[in-house]
1. For segment 157-245, which GluC sites (Glu not before Pro) are both in a DSSP coil and crowded by at most 16 other Cβ atoms within 10 Å?
2. How would you rank 236-242, 12-18, highest first, on the average number of other Cβ atoms within 10 Å across their residues?
3. Over all distinct Cα pairs, what is the inverse of the mean 1/r for segment 4-251, reported as the Kirkwood hydrodynamic radius in Å?
4. Rounded to the nearest 500 deg cm²/dmol, what is the calculated helix-only ellipticity per residue at 222 nm for the chain, with -39500 (n - 2.57) per DSSP H run of length n ≥ 4?
5. Loop-only check: which trypsin sites (Lys or Arg not before Pro) in segment 92-147 are DSSP coil with at most 12 other Cβ within 10 angstrom?
6. My understanding is that a pair violates if its Cα-Cα distance is over 29 Å; which of K6/K110; K55/K104; K29/K124 do that in this structure?
Amino acid sequence: MQEALKIALIQSDLVWENPEQNQQNFTKKINAVAEKVDIIVLPEMFTSGFTMNAKAVAETMEGTTVSWMLDLAKTKQAAIAGSMVVIENDNYYNRFLFAEPSGKLFYYDKRHTFTLAGEHKVYKAGNKKIIIDYRGWKICPLICYDLRFPVWARNTEDYDVLLYVANWPKPRINAWDTLLKARAIENMSYCIGVNRIGVDGVNAEYNGSSACYDVLGKKITNMPLNQDAVEIVALSKNHIRKYRNALKFLDDRDAFNLLT
């Protein structure tokens, strides 16, 4: 078990509906991460931006992007994480992929599709929450709109890290900032959110505000707004143990099961 986990947050603009160009851009950004890290996190729909034109950008799990992620993970000896549009059994999914250096691949399908943008009409919602055990750390991957629903993120598994990827627009960025902090506090876990910047193909504007909060809700990153940026954050198992043992808030969780 590793006592520390280093995560690189990559906040970036995205080229609208152009997987090949986004792949090239992120290859450069990932290769430029000189420090040894355990995980490299990209935004939601990092190959395309938050598009409802799924047919134009969808790939299978045997497609070029998944292979690219696995190859880079092996080269960098770090997991590569982010979401993309996947087609499977004639359904489209907004799928979070977690590619490990070992060649293992985990995925989570976005549970809460964003009805305001009509995501529910294009993408099939997932119904399975997953916990990834990676280098002795338990990680819960979630996507964008999931952030607004605390019951789905509820820490019944004693996970260590909540990991959100997003295309969260600038007009509602205060909610993003507030909810990331709240999820960290209520679940006594690290909470990370990686958001994009720039303007997408439907003129939605994004300013980033990517961040990591510790188990007490303290912000431990300093990502700039409206800029391509990479920040590496070091997480500590001892920090989690110290405050969970001292405060024991998770012991007082309400007991119930979520029916999906």
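Just so you know, all these numbers are worked out from the coordinates, no wet-lab data involved. What you see is a predicted model; the values in this text were computed from it and never measured. Every residue, glycine as well, gets a Cβ built from its backbone with ideal geometry; the counts of neighbours run over all protein chains shown.
1. On the way: sites: E157, E186, E205, E231; in loops: E157.
Loop-located and lightly packed - E157.
2. Working: 236-242: 14.3, 12-18: 20.1.
Per-residue mean Cβ counts within 10 Å order the peptides as 12-18, 236-242.
3. Working: mean 1/r = 0.0562 Å⁻¹.
Its Kirkwood hydrodynamic radius stands at 17.8 Å.
4. Working: 7 runs with 64 residues, N = 260.
One gets -7000 deg cm²/dmol as the mean residue ellipticity at 222 nm.
5. On the way: sites: R95, K104, K110, R111, K121, K124, K128, K129, R135, K138; in loops: K104, K110, R111, K124, K128, K129, R135.
When the trypsin sites (Lys or Arg not before Pro) of segment 92-147 are filtered for loop state and at most 12 Cβ neighbours within 10 Å, K128 remain.
6. Details: K6/K110 25 Å; K55/K104 27 Å; K29/K124 31 Å.
Listed pairs above 29 Å: K29/K124.
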